[in-house]
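Below is one structure, written out as structure tokens; the observations come after it.
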Amino acid sequence: MGMFAATGVIAPFPFYFWLWTNPQSWVELCGKGRDPSKVMANVSHLLKLVQFLSLFSVSYNYLSWPPPLYFWPLFLFGQFLNFRVYQLLGESGTYYGVRFGKNIPWVTEFPFGVIRDPQYVGSIMSLLPCLSWVPFQYILLWSLGYIFMIYVESNEDPATRAKLIS
């Protein structure tokens with residue numbers, strides 16, 4: 001396994017872990033007048049780019065076309081779940097707003113209440129079809145990062161939530 005690619009694939013997860021376990025530090029680092037969820041979203045998008053470039057560096061068949069038959073249903077449903085989560089929660093709900101002291105309403109509409117952790121499930125579903133282009137160990141590593149975050153986020157203590165700087 002290439003160290004550059006492996007490091008790039010797991011790069012976001014220490015960041016997410018730190019934010020989840022130290023939300024007040026992040027709120028203070030962002031400072032007064034800056035939305036910690038917005039800043040997290042921007043950093044996360046940059047880290048997602050690092051992940052994709054890492055995968056591209058180890059891809060084989062360089063996106064041979066057409067993809068296998070299983071590609072479209074898995075990828076499209078995974079992306080639908082991600083889109084739906086973002087649609088229902090918005091940026092603040094998706095990017096740890098509740099941990100940063102924001103009041104995020106509880107959502108029960110589909111896929112919530114039907115699929116546990118729908119954003120992570122959707123992300124993993126979107127990764128699996130890429131096995132035709134990317135070596136298994138990188139997809140596994142990325143998926144294990146999501147599974148790790150599912151575990152971390154399942155043990156939230158409301159007493160550790162941040163207080164927004166006003």
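None of the figures in this text is laboratory data; all of them are computed from the coordinates on show. All of these numbers come straight from a predicted model, not from anything done at the bench. Don't worry about glycine lacking a Cβ; one is built from the backbone with ideal geometry, like all the others, and counts go over all protein chains shown.
See the values below:
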| item | result |
| --- | --- |
| Net charge of Cβ neighbours under 13 Å - reference residue 152; Lys, Arg +1; Asp, Glu -1 | -3 |
| Straight-distance crosslink candidates among aspartates and glutamates, where the alpha carbon sits under 13 Å from residue 102 and sequence neighbours closer than 8 are dropped | 35, 91 |
| Stretchable slack from residue 64 to residue 132, in nm (0.36 nm times residue separation minus alpha-carbon distance) | 23.6 nm |
| Compactness of the range 1-68 - radius of gyration and Dmax, Cα, Å | 15.9, 50 |
| DSSP H segments from the chain that extend 30 Å or more along their own axis, Cα-based, with Kyte-Doolittle mean of 0.0 or above | 36-58, 71-94 |
| FRET efficiency, 1/(1 + (r/R0)^6) with R0 35 Å, evaluated for residue 25 and residue 140 via beta carbons | 0.70 |
| Within the chain, helix-based [θ] at 222 nm, where runs of 4 or more DSSP H residues each add -39,500 (n - 2.57), nearest 500 | -20000 deg cm²/dmol |
| For the chain, Kirkwood radius (reciprocal of mean inverse C-alpha pair distance, Å) | 17.0 Å |
| Computed label-point distance, nm, for sites residue 34 and residue 104 using a 7 Å Cα→Cβ extension | 2.0 nm |
| Protection proxy ranking, peptides 97-103, 145-151, average beta carbon neighbours within 10 Å, highest first | 97-103, 145-151 |
| Largest to smallest principal axis extent of the C-alpha atoms in the range 43-134, angstrom | 46, 28, 16 |
